[in-house]
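One structure is given here, and the rest of the page talks about it.
The values are calculated or read from the model by the stated rules, or taken from the named source; none is laboratory data. For clarity, every value in this text was computed on a predicted model and none was experimentally measured. Heads up, the Cβs are rebuilt from the backbone with ideal geometry, glycines too, and the neighbour counts pull from every protein chain shown.
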Ligand code: PEP
Ligand code: MG
């Protein structure tokens, strides 16, 4: 059989089909449903204990409520009974919890009424657990992961466990799962035909993520036999940069990572360091802000690879398609966040311990690196000074040197006011993924969103402005959005004077090779012409193939 999807991370891979969730009705026994409620409760109680140990009693109390809800027989029993009577498990859990949620919502007491969303969160967790446990076990050898929505955390978790390709029914090229797939060099298609979720797991398949097709069954076997298929070739280790353009201008190529696997890959390809460490990726399903201990153990394996190398660690960016359950719906009463926190940077800055904990974990585990801290989604100078204050205090308390502090320029208004920010920070890093989406009105999950759209004249004008503001203030300006590795955008960035690029780890080698062929004078002339173009199509036509 053949299933089509949007190519979002190129390459061809062969492996066993691993359908990690069906996303539809789940076939589970009454006992399995009962066990799933118990497991969700246990998970919440364990987290609450970790939070208490970290002195975060208020959040622990909120998480415990979720645990108590999951152990409440008036919720689990009707679901178990309905499954016994023949209802599929997902429907049974949903109906039982909706009945409870509706009762709570009808109560006059606001606090009790707010518990309705805790009930729904528990239901979601139970269904998710059942749909995963109902799936066939993970194959022992190379496999192609199929999920209704592949999460970036799935990819980094499975990167060194046999994952050779991924198929997601949801999302597009700017979703974070696609970004991580490109970093790992794992072929991936998104927006795939939902019929793939019902394909027989365990069969051989070929994922052609160049043409956007997954082929299963006998046809896949024939294809594999006919032509050996490339799976995750890493190439020979390359000497580290910096690189020079054809006319001798120095350009530094760094890599974007969220895992040790990507870091190893980027360094082996000669990246001069890490220009963007996305720290939030492992916490996509988190129920509370990660503790200091969790952050230390997530960061240490990555930062230990980077002794002496440029290492830019971005603060937790729970925004866009990376908002974990505890921050979803901003004022989500079921979340562990006080209702007025919202998500994103505001939430990080408002929480009692989140920022200090993260900075401490970063400073401790990054001691041996040439460290810089990057603030995501900055919209005001107040945000910068708040982070600088906590950073200064934390470094003083630990006796470490003060790392450079820079901001992501990825909001339209921030880019337009770059001069105002330049004096307050040590560097700019332009996030073309969000910047392009915002300028063109495209959501991160929108299948139409893609890195090449950063060539739009309106986006280029903002990049030009940020680059100029950086030049005037004498601070470095890099681009860490995925457009830096796009052949239709890279020459334009060079033409606008960008001299540091941070690209998906698996693309480092290719970007370095492209740069060696570019002439900065020709790129500057190209950028000037592009800035006065009317549409992105016009710009794409101007860019010579590289
Ligand atoms: C960006 O927005 O360009 C960026 C690098 O950040 P992220 O993709 O993680 O949002
Ligand atoms: Mg961003």
Within the stretch 459-480, which residues are part of a helix (DSSP H, G or I) and either within 16 Å of ligand 1 (Cβ to nearest atom) or at pLDDT below 95 (or both)? 459, 460, 462, 463, 466, 467
Restricting attention to the stretch 69-87, which residues are in contact (Cβ under 8 Å) with a residue 24 or more places away in the chain and surrounded by 16 or more Cβ atoms within 10 Å (Cβ to Cβ)? 69, 70, 71, 75, 76, 79, 80, 83
Look at residue 483 and say whether it is part of a strand (DSSP E or B) and touching a residue at least 40 places away in the same chain (Cβ under 8 Å). no
Name the residues in the stretch 308-326 that are part of a loop (DSSP other than H, G, I, E, B) and over 30 Å from residue 443 (Cβ atoms), would you? 308, 309
Residue under evaluation residue 158, criteria (1) buried (at least 22 other Cβ atoms within 10 Å of the Cβ); (2) more than 18 Å from residue 287 (Cβ to Cβ); (3) within 15 Å of the chain's Cα centre (by Cα), criterion not met: (1)
Against the conditions (1) within 13 Å of ligand 1 (Cβ to nearest atom); (2) outside any loop (DSSP other than H, G, I, E, B); (3) free of Cβ contacts under 8 Å to residues at least 60 places away in the same chain, where does residue 305 fall short? Just the number, please. (1)
Of the residues that sit in the stretch 423-451 and are more than 9 Å from ligand 1 (Cβ to nearest atom) and in contact with a strand residue (DSSP E or B) (Cβ under 7 Å, 6 or more places away or on another chain), which one is nearest to residue 377 (Cα to Cα)? 428
Just checking, does the stretch 91-111 include any residue being closer than 30 Å to residue 201 by Cα, assigned to a loop (DSSP other than H, G, I, E, B) and in contact (Cβ under 8 Å) with a residue 24 or more places away in the chain? no
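Taking residue 293 as the residue in question, decide whether it is within 16 Å of ligand 2 (Cβ to nearest atom) and surrounded by fewer than 23 Cβ atoms within 10 Å (Cβ to Cβ).
Working: within 16 Å of ligand 2 (Cβ to nearest atom): no; surrounded by fewer than 23 Cβ atoms within 10 Å (Cβ to Cβ): yes.
Taking the combined requirement at face value, the residue does not satisfy it.
In the stretch 468-482, what residues are buried (at least 21 other Cβ atoms within 10 Å of the Cβ) and touching a strand residue (DSSP E or B) at 6+ places or on another chain (Cβ under 7 Å)?
Correct list: 470, 477, 478, 479, 480, 481, 482.
Does the stretch 433-444 hold any residues that are part of a helix (DSSP H, G or I), in contact (Cβ under 8 Å) with a residue 40 or more places away in the chain and more than 9 Å from ligand 2 (Cβ to nearest atom), and which are they?
Answer for the stretch 433-444, where residues must be part of a helix (DSSP H, G or I), in contact (Cβ under 8 Å) with a residue 40 or more places away in the chain and more than 9 Å from ligand 2 (Cβ to nearest atom): just 436.
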